[in-house]
Each structure stands twice: as structure tokens, then as C-alpha cells.
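Notes for the one structure printed next.
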Amino acid sequence: MAEKPQPVRVLYCPVCSLPAEYCEFGPDFEKCKPWLLRNASHLYPHLIKDANEKEAEKAAVELQSVGISGDIDGGGGGGGGGGPSNHSGGTSASKPEEVKRLPGGKIKKKEKQEVIIEKIVRNKRKCVTVVKGLELFGVKLSDASKKLGKKFATGASVVKGPTEKEQIDVQGDISYDIVEFITDTWPDVPESAIFFIEDGRKVAAA
């Protein structure tokens, strides 16, 4: 004699009213997640992994924050009782401004402000002057390309370079005429911050 089939017990989510295994297809899956983690985590193991990663990232950020603040506090106390000279030098105080937080608590150094000018010959005859880094001085690249094109009566456009950063490509060799135009048009860009790439080396324009 065959066994009598037992009724199946279905676990329903109180948030979306769907069976727990169908929450991910419902309209409020994000709202369902806390309940699912507590009551049906076996159905969604990836939620546990995501939650653990978020906790790890949060802990890493907190540890980094404690480490940086500790460096600042400790920097003022060393070498003679923490006199004001250390703060006036700006070494410790400037550190938090030079770092940028990334996911996971990692720290990225602030990009150095400099304009790079490079002459590139394409197809053995077509010359293009590439200008990188103007945006670091608050210059809008689309406006800068228009002004460069008008000044030198040539084509200029904003494109993505090899590193996916935007740059200005100017048709023709204007590399040594462009420095004076940049410093005159955008006074916030000092000549000392402009460099040429020559034979693979960075050479100061000033």
C-alpha cells in the first residue's frame, strides 16, 4: 500500500506575501532581504555572502578612519610635545585631503595636478597634439576644445584616451604654441604644471 502523501508546508514572506523562494521575482525583493536572511537564508545563500562582504567593508572603513585619525593625533605629539610648528607645516593636517576612499576601505591618493602635452604622429603623416589634465584645474574640456580649435583654426575634440580618461585631441603640431595660450586663457594653470612628453620622457615646459 502506497504511503499517504504529506502536505507540503510553504513558507510565505510577510513583506511581499509570496512564497519565500519566489521573493526574488517580486516587486519588493530589497525589502524582503532582511526577513529572508533571518528566516530563509538557506534559499538565498548569496545574501549571506553579500551581507558578510558589506560588514567586512564597513569594518575596514572604520579601521582606516581610526588609523588616519590616529596618525594625525600622534603626528602632533611626537618630537617635542606637539608644538604648533607641525600644524603650521601642514604635513599631518593635509593628509586627509590627499586621499580618496574606495569601496572596501582602500585609499587612493589624490591625482597630481599637471597638464601633459604630447605630439602623436598617426598614419606616418597625420600629427595630433594631445592635451591631458586640464580638468584637474577646473577647466571644462568641452569649452577648452572649442577655444583651442578656434585659436589655432583647426579641429579639436574631447576623446577618451588609452586609460579611459578624457583628453583633448587637437589636429596639427601646436605643442609649443599651446603653452602660452593655456596660461593666458586659464590663469589657474601655472606654466610650472605643464609638461611635454618627448621620447617617452616628461619634460617641464617652464
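The values are calculated or read from the model by the stated rules, or taken from the named source; none is laboratory data. All values derive from a computational prediction rather than experimental measurement. Glycine also receives a Cβ, built like all others from the backbone with ideal geometry; neighbour counts cover every protein chain displayed. Just the protein is used for accessible areas: all its heavy atoms, side chains included, with ligands, DNA and RNA removed. Shrake-Rupley method; radii C 1.70, N 1.55, O 1.52, S 1.80 Å.
Full-extension gain between Q113 and K165, please, as 0.36 nm times their residue separation minus the C-alpha to C-alpha distance.
Taking 0.36 nm per residue and subtracting the Cα distance, the gain is 17.3 nm.
Leaving ligands and nucleic acids out of the surface, order K124, K150, K160, K132 by accessible area at 1.4 Å, largest first. Numbers along the way, then the final one.
On the way: K124 200, K150 175, K160 135, K132 70 Å².
Heavy-atom accessible area, descending, gives K124, K150, K160, K132.
With a 1.4 Å probe and all protein chains in place, put L141, L37 in order of accessible area, largest first.
Reading off the accessible areas and sorting them downward yields L37, L141.
Quote the FRET efficiency, to the nearest 0.05, computed for S192 versus T154 with a Förster distance R0 of 35 Å and r equal to the Cβ-Cβ distance. Please list the in-between numbers first.
Values: r = 27 Å, r/R0 = 0.77.
The pair S192/T154 has a calculated efficiency of 0.85.
Which of the lysines could a cross-linker bridge to K112, judged by Cα under 18 Å and excluding same-chain residues fewer than eight apart?
Within reach: K95, K100, K132, K140, K165, K202.
Just the accessible area for F196, please: 1.4 Å probe, Å², rounded to the nearest 10?
F196 exposes around 10 Å² with every protein chain in place.
Want the number for F137 to L11: 0.36 nm per residue separation, take away the alpha-carbon distance, what's left?
Working: separation 126, 0.36 × 126 = 45.36 nm, distance 5.83 nm.
Answer, rounded to one decimal: 39.5 nm.
With a 1.4 Å probe and all protein chains kept in place, how much accessible area does E53 have, in Å² rounded to the nearest 10?
90
Along region 123-128, what does the Karplus equation 6.51 cos²θ - 1.76 cosθ + 1.60 (θ = phi - 60°) give for ³J(HN,Hα), rounded to whole Hz, x for Gly and Pro?
Those phi angles translate into 6, 6, 8, 7, 9, 10 Hz.
Which cross-chain or sequence-distant (5 or more) residues have an amide H under 5 Å from the amide H of C127, H modelled 1.01 Å from N in plane?
R122, G172
Tell me, in nm to one decimal, what length is gained between K147 and A204 on full extension, where the rule is 0.36 nm per residue of separation less the Cα-Cα distance?
Numbers: separation 57, 0.36 × 57 = 20.52 nm, distance 2.35 nm.
Computed gain between K147 and A204 is 18.2 nm.
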